[in-house]
Amino acid sequence: MPSQAWLTLPRPGASGLRGPHLDTAAALIMEIAREVRDPSVTEDRILRLLNRVLLDVAGRVCLPGLFTENTVVLDPGAAAVDLPADYHHDLTEVVCLTARRRLSLASGLEELARRGGPEVRTGGRPWPLAAAAIGSRLFVRPVSDAPVVLLVRYFRLPAPLEADTDRPDGLPAHLAPELLVARVCRDLFEGLEEGAEGKKTQTGRFEARFEAAMGRLAEFAGTRQAMDAPVPDALGFGRPGAFL
């Protein structure tokens, strides 16, 4: 007799999901349900956990597919501006489009003060020289008395899984099933095995699988290259007198 949870799951034949795509939301939900086989584990609960894990994994690794850029505008006299709504982590580069120069990136406000000089610089054009991401805000120094357009490059939030055919945003297809299934199963068994005597066997098994998959994901993503080192001035923006 199928469990209550199993009856609520989408059927691959009816959803047009036959084939090699094992990383669709429907396929992931079904695989997790088969592993757990507990009537209290519903489709909606699994989907919520899948999205929670996707967000967590995307926050741990700089996934190439989630790298993006956007622009923000600093109002005259403003020392900070909100980063784009889809900003997740790891600001890699800030370019002042108004002055056509790249800003030095600081790790915090104290370092920002050292790199950017006085908060308000007088004389000439006080374009920002340095920037720092603090939470979801971008701080700059020095402050400009004119509007400033900044191009920011960063790793964005992954799109949530909603439809049966949705696939994990940013995750490589060959790693997504093992990553998400192992982590969601670990989280589920952690609760299901609570209070059980002895070692949490299933929790430990899926924890090991998840950590191994995270290692492979880190290798796939590679090491993020810092953008604070000088780069060739191919467009001639740095020639003498270019910004005067």
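The values are calculated or read from the model by the stated rules, or taken from the named source; none is laboratory data. As the structure is a prediction and not an experimental result, all values here were calculated from the model. Every residue, glycine as well, gets a Cβ built from its backbone with ideal geometry; the counts of neighbours run over all protein chains shown. Quick note on the areas: whole protein, heavy atoms, side chains included, nothing else; ligands and nucleic acids left out. Shrake-Rupley method; radii C 1.70, N 1.55, O 1.52, S 1.80 Å.
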(message) Against the condition part of a loop (DSSP other than H, G, I, E, B), open to solvent by less than 70 Å² (accessible area, probe 1.4 Å), out of contact with any Cys (no Cβ under 7 Å at 6 or more places or on another chain) and at pLDDT 95 or above, how does Pro10 come out, does it pass?
(response) no
(request) Scan the range 22-36 for residues that are hydrophobic (A, V, I, L, M, F, W, C) and outside any loop (DSSP other than H, G, I, E, B) and jot them down. (result) Ala25, Ala26, Ala27, Leu28, Ile29, Met30, Ile32, Ala33, Val36
(message) Return the residues of the range 19-56 that are in contact with a helix residue (DSSP H, G or I) (Cβ under 6 Å, 6 or more places away or on another chain) and closer than 30 Å to Leu91 by Cα; say none if nothing qualifies.
(response) Asp23, Leu49, Leu50, Val53
(message) Return the pair list, or none, for Cβ contacts closer than 7 Å from residues in the range 144-166 that are not assigned by the TED database to the domain that holds Asp90 to residues that are surrounded by 21 or more Cβ atoms within 10 Å (Cβ to Cβ) and of a type in the set (S, T, N, Q), at least 6 apart or on different chains.
(response) Asp164/Thr24; Thr165/Thr24; Asp166/Thr24
(request) Please work out if Glu69 is more than 19 Å from Phe206 (Cα to Cα) and open to solvent by 50 Å² or more (accessible area, probe 1.4 Å). (result) yes
(message) For the range 149-169, give me each residue that is open to solvent by less than 20 Å² (accessible area, probe 1.4 Å) and within 17 Å of the chain's Cα centre (by Cα).
(response) Val152, Tyr154, Phe155, Pro158, Leu161, Pro168
(request) Kindly indicate whether Ala79 is modelled with pLDDT under 95 and buried (at least 16 other Cβ atoms within 10 Å of the Cβ). (result) yes
(message) Looking at Ala146, Ala132, can you tell me which residue is touching a Ser or Thr at 6+ places or on another chain (Cβ under 9 Å) and open to solvent by 20 Å² or more (accessible area, probe 1.4 Å)?
(response) Ala146
(message) Looking at Ala212 and the list (1) modelled with pLDDT of 95 or more; (2) hydrophobic (A, V, I, L, M, F, W, C); (3) outside the structural domain of Ser136 (by the TED database); (4) surrounded by 14 or more Cβ atoms within 10 Å (Cβ to Cβ), which single condition is not satisfied?
(response) (4)
